[in-house]
Amino acid sequence: MDASGSFRVEEYRAPQFRVDVESKKKSLIAGEPLEATVFARYLFGGAMNDVQVKWSSQRTSTTFSSENGVGFTFSQETWWWDDNQPHDASGFFASGRARPTTPARWR
């Protein structure tokens, strides 16, 4: 099923700060810990000190293709016509709040 829609922007407020997240790994396998560094700064030049972070993460089911296996794609869709389709594992994963542990990590 496809759906579409539209909306109007009645009012716009320019962003006041920017947040970037960097991780050493591009992807993870279920069960691996995620380690990331968060960089936050005000766009008008002020320092961002002693701020609290509210974070959330989502997971997405995806496919995988390898250069060594041209023509093959691996995914969760391994069902046949008489089986039930696998459950989609995409969606909300976790959330939390934190304060920076090292001020130098917050720019």
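Quick notes on this one:
- If the condition is being within 16 Å of Phe93 (Cβ to Cβ) and among the polar types (S, T, N, Q), then region 22-52 contributes Ser23, Ser27.
- Filtered by the rule that a residue be loosely packed, with under 10 Cβ neighbours inside 10 Å, among the basic types (Lys, Arg) and either in contact with a Cys (Cβ under 6 Å, 6 or more places away or on another chain) or in contact (Cβ under 8 Å) with a residue 40 or more places away in the chain (or both), region 22-58 gives a lone residue, Lys54.
- Subset of region 10-64 that is of a type in the set (Lys, Arg) and assigned to a strand (DSSP E or B) - its residue that is nearest to Arg99 (Cα to Cα): Lys54
- Asp82 fulfils the conditions (1) under 19 Å from Val21 (Cα atoms); (2) at pLDDT below 75 except for a single criterion, (1).
The values are calculated or read from the model by the stated rules, or taken from the named source; none is laboratory data. Just so it is clear, the structure is predicted and the values come from calculations on it, not from any experiment. Quick reminder, even Gly has a Cβ in these numbers, built from the backbone with ideal geometry, and neighbours come from all protein chains shown.
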